Amino acid sequence: LSTVLRRGRQLRRPLSQELAVFVVSELAKGLDYAHRRRDASLRPLNIVHRDVSPENVLLSFEGEVKLTDFGIAKARYVLEGSIEELAARGKHAFMSPEQARGEAVDARTDLYALGVVLYEALSGVNPFDAGSPAETLRRVQSGAAPPLKSVARDVPEELSAIVDRALSLRAEDRHPNAGRMYEELVQFLYSSGRRVGGHDLSRY
């Protein structure tokens, strides 16, 4: 996805709003599956990807969307290294504030990262990237993202509200789970009449 976004900007053919929403909705669906995984005794594994970013999103020429690299994912029963060490491994500009501060995280930290991905796909800019890792991390920790409408005025209010909710500073103010975020994104596509799918992404 990072390559597609970059090439789209270079060729002045950015990803359309509906394709950006389709890609992120597919990611939300994949995260919902991962977050709800259980072990053989049906106990929740509480998997958190922790590194959702365009570099870890694969787009096939057939229009498939895949989330890859669960290398720093944290599961309930498997944890290598401390919370602080794992937090430091994620890409700063896509971290949630709590992850950037080295605090405990849950599935809602992935939803925050997904909101950053959608923000960038819709606007062409990352809301936290400051050029230097230290300043980027400071911005992430404070949750100081410019409102999406301030950098992408053509984004409909309904879609901007979904992004704003995902980027809430407090985890409890975000979508309760990835499945709910997926439903809101799909509902936006249906209500706006912008129904797209893998074939549209493949043509792009």
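The values are calculated or read from the model by the stated rules, or taken from the named source; none is laboratory data. Fair warning: this is a prediction, and the values are worked out from it, not measured in the lab. With ideal geometry, Cβ positions are generated from the backbone for all residues, glycine too; neighbour counts draw on all protein chains shown. Calculation scope for accessible area: heavy atoms of the full protein, side chains included, ligands and nucleic acids excluded. Shrake-Rupley method; radii C 1.70, N 1.55, O 1.52, S 1.80 Å.
Leaving ligands, DNA and RNA out of it, report the carbon-plus-sulfur percent of the accessible area of the chain at a 1.4 Å probe. Intermediate values should be presented prior to the final figure.
Values: 5110 of 10410 Å².
C and S fraction of accessible area: 49 percent.
With a cut-off of 8 Å between alpha carbons and a minimum separation of six or more residues, what is the relative contact order of the chain in percent? Normalised by residue count, the contact order of the chain is 26 percent. Per-residue Karplus couplings for the stretch 92-107, computed as 6.51 cos²θ - 1.76 cosθ + 1.60 with θ equal to phi - 60°, are listed in order as 3, 5, 10, 6, 7, x, 5, 5, 5, 8, x, 8, 5, 10, 9, 4 Hz, Gly and Pro entered as x.
Counting only heavy atoms of the protein chains, get the accessible area per residue of the stretch 3-71 (1.4 Å probe) and round it to a whole Å² value. It would help to have the intermediate numbers written out before the result.
Numbers: 3880 Å² over 69 residues.
The answer is 56 Å² per residue.
Note on the stretch 156-204 and the stretch 1-76: Cα centroid distance 13 Å, given to the nearest whole angstrom. Using the Karplus relation 6.51 cos²θ - 1.76 cosθ + 1.60 with θ = phi - 60°, the per-residue 3J(HN,Hα) values for the stretch 175-189 come to 4, x, 7, 5, x, 5, 5, 4, 4, 5, 5, 5, 4, 4, 4 Hz, with x marking Gly and Pro.
The GNM of the chain, with springs linking C-alpha atoms under 10 angstrom apart, assigns the highest mean-square fluctuation among Ala152, Ala113, Ala100 to Ala152. Summarising the label geometry, the points placed 7 Å from Cα in the beta-carbon direction at Arg101 and Asp200 lie 3.8 nm from one another.
Compared with the direct C-alpha span, the chain from Arg153 to Ser41 gains 35.4 nm at full extension, assuming 0.36 nm per residue. For the chain, the Cα gyration tensor yields ellipsoid semi-axes of 26, 20, 16 Å (square root of five times each eigenvalue, largest first, whole Å).
Determine the per residue accessible area of the stretch 99-204 with all protein chains present and a 1.4 angstrom probe, expressed in square angstrom. Normalised by residue count, the accessible surface of the stretch 99-204 is 48 Å².
Note that the stretch 159-166 has calculated 3J(HN,Hα) couplings of 6, 4, 5, 5, 5, 4, 5, 4 Hz, one per residue in order, obtained from phi through the Karplus relation 6.51 cos²θ - 1.76 cosθ + 1.60 (θ = phi - 60°); glycine and proline are x.
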